[in-house]
Amino acid sequence: MSVVRITHFTDPHLYGGEHETLRGVQTLPALTAALAHARARDWPPDAVLVTGDLVQDDPAGYPHFRRLFGELGVPVLCVPGNHDEPQAMRRELAAKPFVLDGGYVDFGRWRIVLLDSCIPGSASGALSAQALEGLRAALSDAGTRHCMVCLHHHPVPMSSRWLDRVGLNNAAEFLHTIDAHRNVRAVLWGHVHQNYDALRKGVRMLATPSTCAQFAPNSDDFAVDRRPPAYRTFELRPDGSLLTEVVWLEQHAGGSSRSACSAA
Ligand SMILES: [Fe+2]
């Protein structure tokens, strides 16, 4: 069995307008640059993963996303974020290579579980009873596969008062489900526009910086971090260990942080 390679982009916040900005960053050029950077490195991965806020409350952003990611020749796994427009997202990304609407996808010895954590009209999130049941089922019947669970909202505190008001409301239920299964190796989210990497009960807990503007870590009040756009790569190994790297687009402003972890 070989290593499964995933490239993770999150929170591109696209608009219909090609030069629109979010907190000083032109979001479409930033995403285009991040994708080009990734494609110039270890390409292709087995899949691309995108954890929400594909657009900034503007359904006209989806055609840009479809154009950029639709011809890569690899599956593009997406979960929605609080700034997405669910109906437009489903309509614009209805066909392959896009995979939406929860469920899971298996790659070799790994199962990637996709969860919709959005509450209509709310910046915070929650998993419905149906989503939690889907998670339990996906983990229970994974057989010998290792699992990585992906959602938009953070299920653990980020040490940031304003962000922690808009996390996953029923995180305790989610974590209880994670804890009840021994095959979860990683939980991955977007939403927080910053890097996060911790180990919780043997499970790697990871957030990836946005492909556009970042939020300052450990800030009680909203604050923008001037770090550049970024994305994350994964090597998911057959033994359940993983190697992950955050790649910042301007090396002088942060470089990359590479870290390995053994299976729990
Ligand atoms: Fe976002």
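Taking the Cα atoms of region 1-110, report the difference between the largest and smallest coordinate on each principal axis, in whole Å and largest first.
Taking max minus min along each principal axis of the Cα atoms, region 1-110 gives 44, 30, 21 Å.
On a full-extension model of 0.36 nm per residue, what is the gain between ASP57 and ARG90, subtracting their alpha-carbon distance, rounded to one decimal in nm?
On the way: separation 33, 0.36 × 33 = 11.88 nm, distance 1.44 nm.
Between ASP57 and ARG90, full extension yields an extra 10.4 nm.
Grab the other residues whose beta carbon is less than 13 angstrom from that of LEU100, score K and R as +1, D and E as -1, and report the net.
Working: positive: ARG66, ARG90, ARG91, LYS96; negative: ASP84, GLU85, GLU92, ASP101, ASP116.
Once all neighbours under 13 Å are counted, the net charge is -1.
Could you give log10 I(q)/I(0) at q = 0.20 Å⁻¹ for region 73-187, computed by the Debye formula over C-alpha point scatterers of equal weight, without solvent?
Scattering profile of region 73-187, log10 relative to I(0): -1.13.
For region 137-200 and region 1-22, write down the distance between their C-alpha centroids in whole Å.
For region 137-200 versus region 1-22, the Cα centre distance is 20 Å.
Can you tell me the length gained on complete extension of the stretch ALA180 to THR144, counting 0.36 nm per residue apart and subtracting the Cα distance? Present the calculation step by step, with values, prior to reporting the outcome.
Numbers: separation 36, 0.36 × 36 = 12.96 nm, distance 1.56 nm.
Contour length minus Cα-Cα distance gives 11.4 nm.
Can you tell me the mean projection area, over all orientations, of the convex hull of region 4-261's alpha carbons? Units nm², please.
On the way: hull surface 48.6 nm².
Across all orientations, region 4-261 yields a mean hull projection of 12.2 nm².
Read-outs: derived from the displayed coordinates by stated rules, not from any lab. Quick caveat, the model's predicted, so the values are computed rather than measured. Cβ atoms come from the backbone with ideal geometry, glycine included; neighbour counts cover every protein chain shown.
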